[in-house]
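Structure first, then comments.
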4 protein chains.
Amino acid sequence: MPPLVTPLRERDRLDVAGLEHLIEHVLAGGVAGLFVLGTTGEAASLGYRLRYELVERVCKQVAGRAPVLVGITDTAFVESVRLAHHAAGAGAQAVVLSSPYYHTVAQPELWEYLRHIVPELGLPVFLYNMPSLTKVPFALDTLRRALDLPEVVGIKDSSGDMGYLHQVGRLLRERPGWALLVGPEELLADAVLLAGAHGGVNGGANLAPRLYVELYEAAVRRDLARVAELHARVVRLVGTLYAVGQHGSAVIKGIKCALSIRGICDDFMAEPFHRFREPEREQVRRHLADLGLLDAR
Amino acid sequence: MPPLVTPLRERDRLDVAGLEHLIEHVLAGGVAGLFVLGTTGEAASLGYRLRYELVERVCKQVAGRAPVLVGITDTAFVESVRLAHHAAGAGAQAVVLSSPYYHTVAQPELWEYLRHIVPELGLPVFLYNMPSLTKVPFALDTLRRALDLPEVVGIKDSSGDMGYLHQVGRLLRERPGWALLVGPEELLADAVLLAGAHGGVNGGANLAPRLYVELYEAAVRRDLARVAELHARVVRLVGTLYAVGQHGSAVIKGIKCALSIRGICDDFMAEPFHRFREPEREQVRRHLADLGLLDAR
Amino acid sequence: MPPLVTPLRERDRLDVAGLEHLIEHVLAGGVAGLFVLGTTGEAASLGYRLRYELVERVCKQVAGRAPVLVGITDTAFVESVRLAHHAAGAGAQAVVLSSPYYHTVAQPELWEYLRHIVPELGLPVFLYNMPSLTKVPFALDTLRRALDLPEVVGIKDSSGDMGYLHQVGRLLRERPGWALLVGPEELLADAVLLAGAHGGVNGGANLAPRLYVELYEAAVRRDLARVAELHARVVRLVGTLYAVGQHGSAVIKGIKCALSIRGICDDFMAEPFHRFREPEREQVRRHLADLGLLDAR
Amino acid sequence: MPPLVTPLRERDRLDVAGLEHLIEHVLAGGVAGLFVLGTTGEAASLGYRLRYELVERVCKQVAGRAPVLVGITDTAFVESVRLAHHAAGAGAQAVVLSSPYYHTVAQPELWEYLRHIVPELGLPVFLYNMPSLTKVPFALDTLRRALDLPEVVGIKDSSGDMGYLHQVGRLLRERPGWALLVGPEELLADAVLLAGAHGGVNGGANLAPRLYVELYEAAVRRDLARVAELHARVVRLVGTLYAVGQHGSAVIKGIKCALSIRGICDDFMAEPFHRFREPEREQVRRHLADLGLLDAR
């Protein structure tokens, strides 16, 4: 499942054609769903009007061909709820919620927050563990308590902490029904093979959806030789394409730049980021060629 | 200048009477201005509708008796601009802007962000250095470049890093006209005496505005004996009142609780925080009594 | 390979009988080598005299039945070199070196440090990536440069960062001959199956060497069913035995306590740590029973 | 009081003449004592033999003209004790002890460590708060407990956290007899004027001892005009001389380089650091000239 990038023409204007193109591209690649308004989707950088428009357009375009998950993480409780209701009205299947990320919350505060907000959202909820950006993880004890909230249906872990992921996997084995999704794409194979994960929400699936779908499927059928081959391609993609820029923004910039090179959508980025300039773009082009992704699905 | 707490009845409803009461309380204490929608004001936890309403009510109530500064920090460029325009329309005198705080921006990105957003805000701008929550400081080099933006009129430093503050003070001595305000109230005396600061934006000034005003004035007139006496009271307040709770939220909880005990406004807090329960409230009451603040201005 | 705990009677006195017992225990479990004076071995907490004595005793007792690797990480260049020479004289096969850990070194400084120290050590060198304690990782670029140092034969990665581990694996595939060992035991299976790792240096192998050896062997022969079974036991061990104490010292305390319960060696710990008291010891005992490890090899 | 740099010819050989020269230089500047083997003294980077030799030489050269404090911070309890005894034998007046810094200790563990080690040291003890390098601060509660250890006579705070320093000042006012020394030199004036500090341990006092002594004395006699003038020079020194290099090592490199330029001692540095090359040396020379320190005391 790709955490869909948000194609933009300007900071407050969608690249509508690019969005449609991108959606068709990933659906054609066989993805199991779309997660919009995540970190890769630059959600936090987008105004609310545009977020609402995006949700509507994506749901309309997807038209039931795959579930749409909507990121509603916000520092303000009421804005998260409002966006969740909008997503429900637009036909989304679930929402994705991280910890509020300006103030540093303690775990008991995070648990109380979950208890208050989850029942108000009106859609099934995935928790989203992203401590490098939110400053606050979902500690295992908090997760254990959250298992009792009937509206919560799974967790997306983007911590990159494989030890944590394995403990979450152990926790979930005791409470079947929750889905475990993994964020960093280099961990997809590990997570499915060994942590009981049910899938990945991987940025690269914007660009090469088929690669990630095939890797997932190979892992599910325990085809180790195929897993090793596809996993090596993913590791190479991460080690090259996402290493072009020098800042934390390099991953999203790399993906958007690659999508633009392949003609799928615009690479404009909302502040505080900006698209790659020509020298970096040339590097991305070269990496894409090396990876055989200049015109792959 | 107090970073005004936001009196609430519920998570999306202002305590209107409490807000009026609080404004009159701090104005009577002689404060030089009001900073609304800062960290202490729980800005990030409030929905936009309520933020807008708050700005309007504060500007109307203050009615020109003191400048009103409005925090517009946001992860989304367009929401910051929208709030700034609203503040200008409501009669605010300036806006206060930190770095966007979900994505981790690098300094060149932060500088580009400033260059883009500052000219669009329509009001004088204070920068707000708050790296413990935004993850990103205004590095001295970035500040130096920002000195050339005519709309920027000062900086509020809440880093608590006195070495940094002294370097900022040195920088500003070379470029007169900028204001340097200090966040942590234990640093107000140091900052005015030795770093060339022009004032403080101190949470405790919600509760005891006169104390902070007198400390500032004593520092300005170099009355060291009086500074020492008042500074010791501030340090004691910080070491007791703000040390009641065990989480990062203790400061705001302590201030709101103390205001509630003194009958000034409600202590309801927006998620992810919640007001103190009775045992903590009892401790706050005892500290207030010890500090002679049960009914002070 | 176990990072051998250091059995102690007092802070400066070895539990000699316990040490011999422990060595025979892990050798009987089939381990591929012994790593002494690592983090789990409390190396940093031990005086130099005792470190030297330990190296001698271990080499003598092992007597060539398995390679002995000696941790020589130190803040002082000359102490690392001295210990390395002592290890060579005692018959050790290799040394293990992290970044110097008091001062915070930058990557160019770390690379220069490596260039200076590695040729002086007189034994093959494993690099040891342990940023949570040393504050400084071996960045991929530094590793790439270190591949050209002929004395360096491998890396032990204890970062727990699986994305990093996969990139290291990719790097090493291009330069065969280096060994990649993984520290966190929950990552052993992942690392061998998917990152091209050649083994693990896992604390739990002090206690249950056979379990880790079998897991490694199952991973090497791609027996996924057996891997899943053994990996689940390791994850459970980590999630229970290492979660008894509340501080960062819980892992070492848990292992030493379990070894003491099983009668293998003393659980005395050098300051700044101390052994578990009776309530924690009782919990460890219960977890050991649940794990079937009360008298396992 | 300067945290004395350690003049070296090579990584394991003192610059004996430089050391003598440096000691006479700072004594002539009127310093109240010498602190050897601190962070600025590169203690952690020096072998034990050299540390012992240094203590002996300094005590002999100082010959009672000022107290000598010896840093004994170590990861190993027994090495700290051994060095303390050596210092006592050589005639030092006190030892300086931070938290053990490889393992991450929790506060209860740190308190227990203090309770065990302090009575064994045989000299009065200063605690040394340096969390940026040791990873662990002395929390206020731990300090409060340590006030009851009769051998502890003071604390050197190098956290740079002025809020913490003020709280320590408040704590000590209740228990007279403890000395409070401040590390960062930009905080010396603040600390003496407002936090009740009794002095500073400031790196720049290696280079310009008179400047720091005069600043301290002006602060003690509440001569604000003179304080402001001297403080501004210190802030300028920090903002220029210590900003030449780009890594965390810039401060020590800058001081050693400046001492070398002024002909006081060698600027060789023990690994993992190395002296400035010519371009940086030229910048240091220029800053020294601007600061009027090319041949000042």
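The values are calculated or read from the model by the stated rules, or taken from the named source; none is laboratory data. Small disclaimer: the values here were computed from a predicted structure and weren't measured. Cβ coordinates were reconstructed from backbone atoms using ideal geometry, including for glycine residues, and neighbour counts include every protein chain displayed. With ligands, DNA and RNA removed, areas are computed over all heavy atoms of the protein, side chains included. Shrake-Rupley method; radii C 1.70, N 1.55, O 1.52, S 1.80 Å.
Can you list residue pairs whose Cβ atoms sit under 9 Å apart, with the first residue in the range C:206-222 being in contact (Cβ under 8 Å) with a residue 24 or more places away in the chain and within 18 Å of C:Thr40 (Cα to Cα) and the second being open to solvent by 60 Å² or more (accessible area, probe 1.4 Å) and hydrophobic (A, V, I, L, M, F, W, C)? Count only pairs 6 or more apart in sequence or on different chains.
Going by the 9 Å Cβ cut-off, there are no qualifying pairs.
Could you tell me whether the range D:246-264 includes any residue that is free of Cβ contacts under 8 Å to residues at least 60 places away in the same chain and closer than 30 Å to B:Val227 by Cβ?
No; the residues of the range D:246-264 include none that is free of Cβ contacts under 8 Å to residues at least 60 places away in the same chain and closer than 30 Å to B:Val227 by Cβ.
Please count how many residues of the range B:271-287 are open to solvent by 80 Å² or more (accessible area, probe 1.4 Å) and within 14 Å of B:Lys256 (Cα to Cα). First the steps, then the outcome.
Here is the first cut: in the range B:271-287, the residues open to solvent by 80 Å² or more (accessible area, probe 1.4 Å) are B:275, B:277-279, B:285-286.
Okay, now just the ones that are also within 14 Å of B:Lys256 (Cα to Cα), so B:275, B:277-278, B:285.
Summing the residues that are open to solvent by 80 Å² or more (accessible area, probe 1.4 Å) and within 14 Å of B:Lys256 (Cα to Cα) in the range B:271-287 gives 4.
Confirm whether C:Gly160 is more than 27 Å from A:Gly183 (Cα to Cα) and buried (at least 18 other Cβ atoms within 10 Å of the Cβ). If you could, list the steps in order and put the result at the bottom.
Values: more than 27 Å from A:Gly183 (Cα to Cα): no; buried (at least 18 other Cβ atoms within 10 Å of the Cβ): yes.
For C:Gly160, the condition - more than 27 Å from A:Gly183 (Cα to Cα) and buried (at least 18 other Cβ atoms within 10 Å of the Cβ) - is not met.
Can D:Thr39 be described as within 13 Å of chain C (Cβ to nearest Cβ), crowded, with 24+ Cβ neighbours inside 10 Å and not basic (Lys, Arg)?
Working: within 13 Å of chain C (Cβ to nearest Cβ): yes; crowded, with 24+ Cβ neighbours inside 10 Å: yes; not basic (Lys, Arg): yes.
Yes.
For D:Thr39, are the conditions met, namely being of a type in the set (Val, Ile, Thr), closer than 25 Å to D:Leu211 by Cα and out of contact with any Gly (no Cβ under 7 Å at 6 or more places or on another chain)? It would help to see each step written out before you state the result.
Details: of a type in the set (Val, Ile, Thr): yes; closer than 25 Å to D:Leu211 by Cα: yes; out of contact with any Gly (no Cβ under 7 Å at 6 or more places or on another chain): yes.
Yes.
Taking the range A:220-262 as the search range and keeping residues that are over 25 Å from A:Asp295 (Cβ atoms) and within 14 Å of chain B (Cβ to nearest Cβ), which one is surrounded by the fewest Cβ atoms within 10 Å (Cβ to Cβ)?
So the residue we want is A:Gln246.
Do you know which residues across the range A:1-17 are open to solvent by less than 10 Å² (accessible area, probe 1.4 Å) and under 18 Å from the mean Cα position of the chain (by Cα)?
Within the range A:1-17, A:Pro2, A:Pro3, A:Leu4, A:Val5, A:Thr6, A:Pro7, A:Leu8 meet the criteria.
Looking at the range C:109-137 only, could you name the residues that are away from chain D (no Cβ under 12 Å) and in contact with a Ser or Thr (Cβ under 7 Å, 6 or more places away or on another chain)?
Scanning the range C:109-137 gives C:Tyr128, C:Asn129, C:Pro137.
Based on this model, can you work out whether D:Leu180 counts as open to solvent by less than 40 Å² (accessible area, probe 1.4 Å), at negative phi and over 17 Å from the mean Cα position of the chain (by Cα)?
Details: open to solvent by less than 40 Å² (accessible area, probe 1.4 Å): yes; at negative phi: yes; over 17 Å from the mean Cα position of the chain (by Cα): no.
When the stated conditions are applied, D:Leu180 does not pass them.
Looking for something away from every other protein chain (no Cβ under 11 Å), basic (Lys, Arg) and assigned to a loop (DSSP other than H, G, I, E, B) - is there at least one such residue anywhere in the range D:165-178?
Yes, the range D:165-178 contains a residue that is away from every other protein chain (no Cβ under 11 Å), basic (Lys, Arg) and assigned to a loop (DSSP other than H, G, I, E, B).
Pick out the one residue from A:Asp295, A:Asp290 that is modelled with pLDDT under 95 and surrounded by fewer than 21 Cβ atoms within 10 Å (Cβ to Cβ).
The unique qualifying residue is A:Asp295.
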